[in-house]
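Single-structure report; data block below.
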């Protein structure tokens, strides 16, 4: 028997960015979530001004919802990263997630409303995407915003995302279908906000 017939077939390898990193920026630390983040997550997502802009967040949102979500994120069963956005003194103010859904990489983010309009979201999302592209340079990241979320669309345009279309998706917090502007970005397109 020849050598090539004895070799075992290689299993298909799914590209993966590896373990969730810790990333430091000028003002923030992005780190893997901890169960102790549950109160901060519940406080942020319990605010309808935040949750109404997210597709998969129920209203009302309780600490038990945050714990369930944190346990799922920490299970290792999902490809990608869920990064806590924290201030230098480890105050949890938001999240950047990069996950594999339906064979495509998607980035999403949210920020506690009391930290809006300070440039934190742009700083955090840029840092997470930049690190992701260092590990997965040929990948396209997909994202999007609800049509009534002008601030998030402005942020994505500053980062270099391009609009690819519009669809209707179900928003759990709003209990209705919502117009969703679909976007994408590659490593070559990424810009500092």
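Per residue, the chain reaches -7500 deg cm²/dmol at 222 nm when only DSSP H runs of four or more residues are counted, each adding -39500 (n - 2.57).
Compute the FRET efficiency between residue 167 and residue 62 as 1/(1 + (r/R0)^6), taking r as their Cβ-Cβ distance and R0 = 25 Å, and round to the nearest 0.05. The partial results should precede the final answer.
On the way: r = 30 Å, r/R0 = 1.19.
About 0.25, to the nearest 0.05.
Could you work out how far helix 120-135 tilts from the main Cα principal axis of the chain, as a 0 to 90 degree angle to the nearest 10? Roughly 0 degrees between the two axes. Here the residues 177, 53, ranked from fewest to most Cβ neighbours within 10 Å of their Cβ, fall in the order 177, 53. For the stretch 20-189, the spread of Cα coordinates along the three principal axes comes to 37, 37, 34 Å, biggest extent given first.
Using alpha carbons only, how many degrees (0 to 90, rounded to 10) separate the axis of helix 150-159 from the longest principal axis of the chain? Taking the Cα atoms of the chain, the angle to 150-159 is about 40 degrees. Taking every C-alpha pair closer than 8 Å and separated by at least 6 residues, the mean separation divided by the residue count of the stretch 20-189 gives a relative contact order of 22 percent. Summarising the label geometry, the points placed 7 Å from Cα in the beta-carbon direction at residue 43 and residue 114 lie 0.5 nm from one another.
What is the fewest-to-most order of 48, 120, 170 by other Cβ atoms lying within 10 Å of their Cβ?
170, 48, 120
By other beta-carbon atoms within 10 Å, ranking 184, 135, 174 with the fewest at the front produces 135, 174, 184.
Each reported figure results from applying straightforward, stated rules to the coordinates on display, with no laboratory input. Predicted model only: the values in this text are computed from it and were never measured. Note that we place each Cβ from the backbone using ideal geometry, even for glycine, and neighbour counts take in every protein chain shown.
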